[in-house]
Each structure stands twice: as structure tokens, then as C-alpha cells.
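First comes the structure, then the notes that go with it.
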Amino acid sequence: RAAIPWTIARQQYNLLTSHDTKRILTSLGGDQARNRLAAGLMMTYLGVPSVYYGDETGMGAAREDTARDCMLWERAAWNEDLLSFYRRLIELRQTSPALIDGGFQVLLCEQDCLAYLRDSDDEQLIVVGNRGPDERPAGPLPVAHGAIPDGTEFQEVMSGRRLSVVSGCLPLAALPTGVEIWRTLRR
């Protein structure tokens, strides 16, 4: 990433599916947790996220050759939970100062787990993703090198759970396959 100028990194086009690839849900064998992980990382990472039509409704898991099919407009065929998840991610992407114009710092990268900080003068987001079958990371996530002081309170965007930084760490519970997005506003 260091070889890519910051202005370019902020403009890179990020996608999970296109008309030239299998749909993401098909590529993941229908795994909804890993699909949410991919969407959560794409929407919170540097650059410009691109959602290919139908990915937000779970289109394409049944067959491999659905990338050029017409959009399924029958709501009965849609995964409403996935659509709600995408809507919340899009709202976050549009309203979060840290995602709109914030910095980026990797906090953890090991085995199947990735955690990174997106921060601005007004807000911090910590994104934690686990792609593996085992729950990770259990225990404290060091955040002090991200200049986050003790007592800073975070709220998980999807669940509403709250945690505070203690001894330079965010005390996370074990995360199954999936993504958590922790958000706070600086006081």
C-alpha cells in the first residue's frame, strides 16, 4: 500500500463481483457470514466501493453463471437480512467522517483475522474481520498505537454493543466468521 500514493488509494475502485466474475455469494459457496465479511471490509476500506446489482439481495448463490442475469425484482427471492445489512453499511459509508475522509492503519493481521482503524478528527472506526472457521481474536485488541486513549467508548454498528478502551486495548469477545464495525465520536 505504501507504494500507492494516498490520493490514488482513496480513489481505487473496490468490487466483489462484476459482469466478468462469479457473484461473490457463489464464489463463497453460499456462505452468508463470509459474504457479510466481504461486504463489510469493502465498504469500510480505502477507495470507492462498488456493489454489483443483486449482490445486496443475495442473488446468484444457486448457479455459477448468474453474473449477467437480469435483476430479480420479486422481493420474495431477496434475502431481506442481507439487504438490511447492505443498507446499514451504505448509510455508514455516507455519514462516517472516518470513512469519507479518514486515515487507515492496520491494527492486527494474523491467521484469518484482520483489524484496522479508520480515523478522522471527528471519529474513529475499528473494523474487525474473521474469515476462518475458528472464533478470533479472543481478548484485548491493542489500539494504543492508533492514538486511542483509555476510556474511549465504542459502539458496534450492527448490534449496538458497547465497549471502552482499557489499558490501551479494546476488550473484544471472540468473533465467529464475519465482521464487526466499532464506532465512536471523539469528545
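The values are calculated or read from the model by the stated rules, or taken from the named source; none is laboratory data. What you are looking at is a predicted structure, and each value in this text was computed from that prediction instead of being measured. Counting neighbours? That spans all protein chains shown, and the Cβs are built from the backbone with ideal geometry, glycine included.
Some observations on this one:
- If you go through region 172-187 and keep only what is closer than 15 Å to Ala115 by Cα, touching a residue at least 40 places away in the same chain (Cβ under 8 Å) and not in a strand (DSSP E or B), you end up with Pro176, Thr177.
- Of all residues in region 59-78, none are free of Cβ contacts under 8 Å to residues at least 40 places away in the same chain, under 29 Å from Arg136 (Cα atoms) and either basic (Lys, Arg) or assigned to a helix (DSSP H, G or I) (or both).
- Complete set of residues in region 67-92 that are more than 10 Å from Thr57 (Cβ to Cβ) and either of a type in the set (Ser, Thr, Tyr) or in contact with a Phe, Trp or Tyr (Cβ under 7 Å, 6 or more places away or on another chain) (or both): Ser84
- For the criterion of being out of contact with any helix residue (DSSP H, G or I) (no Cβ under 6 Å at 6 or more places or on another chain), charged (D, E, K, R) and more than 16 Å from Asn35 (Cβ to Cβ), Arg87 fails.
- Residue ID - surrounded by the fewest Cβ atoms within 10 Å (Cβ to Cβ), chosen from residues in region 57-86 that are of a type in the set (A, V, I, L, M) and either within 19 Å of the chain's Cα centre (by Cα) or closer than 30 Å to Gly103 by Cβ (or both): Leu83
- Scanning region 113-171 for residues that are over 19 Å from the mean Cα position of the chain (by Cα), among the small types (Gly, Ala, Ser), under 19 Å from Arg183 (Cβ atoms) and part of a strand (DSSP E or B) yields one hit, Ser164.
- Yes/no for Gly146 being surrounded by 12 or more Cβ atoms within 10 Å (Cβ to Cβ), closer than 18 Å to Leu41 by Cα, outside the structural domain of Gly40 (by TED's automatic domain parsing) and not acidic (Asp, Glu): no
- The residues of region 10-31 that are surrounded by 15 or more Cβ atoms within 10 Å (Cβ to Cβ) and under 19 Å from Thr44 (Cβ atoms), listed by number, are Arg10, Leu15, Leu16, Thr17, Ile24, Leu28.
Every residue, every condition in (1) among the β-branched types (Val, Ile, Thr); (2) modelled with pLDDT of 95 or more; (3) not assigned by TED's automatic domain parsing to the domain that holds Pro142, yes or no:
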residue: Thr21; (1), (2), (3): yes, no, yes
residue: Val48; (1), (2), (3): yes, yes, yes
residue: Arg68; (1), (2), (3): no, no, yes
residue: Leu72; (1), (2), (3): no, no, yes
residue: Leu82; (1), (2), (3): no, yes, yes
residue: Leu89; (1), (2), (3): no, yes, yes
residue: Asp122; (1), (2), (3): no, no, no
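To keep it simple, each residue is scored yes or no on (1) modelled with pLDDT of 90 or more; (2) of a type in the set (Lys, Arg); (3) surrounded by fewer than 20 Cβ atoms within 10 Å (Cβ to Cβ).
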position: Gly139; (1), (2), (3): no, no, yes
position: Pro142; (1), (2), (3): yes, no, yes
position: Asp150; (1), (2), (3): yes, no, yes
position: Glu156; (1), (2), (3): yes, no, yes
position: Gly160; (1), (2), (3): yes, no, yes
position: Ala174; (1), (2), (3): no, no, yes
position: Arg183; (1), (2), (3): yes, yes, yes
position: Arg187; (1), (2), (3): no, yes, yes
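- The residue of region 32-56 that is farthest from the chain's Cα centre (by Cα), among those that are crowded, with 20+ Cβ neighbours inside 10 Å and over 24 Å from Ile126 (Cα atoms), is Gly54.
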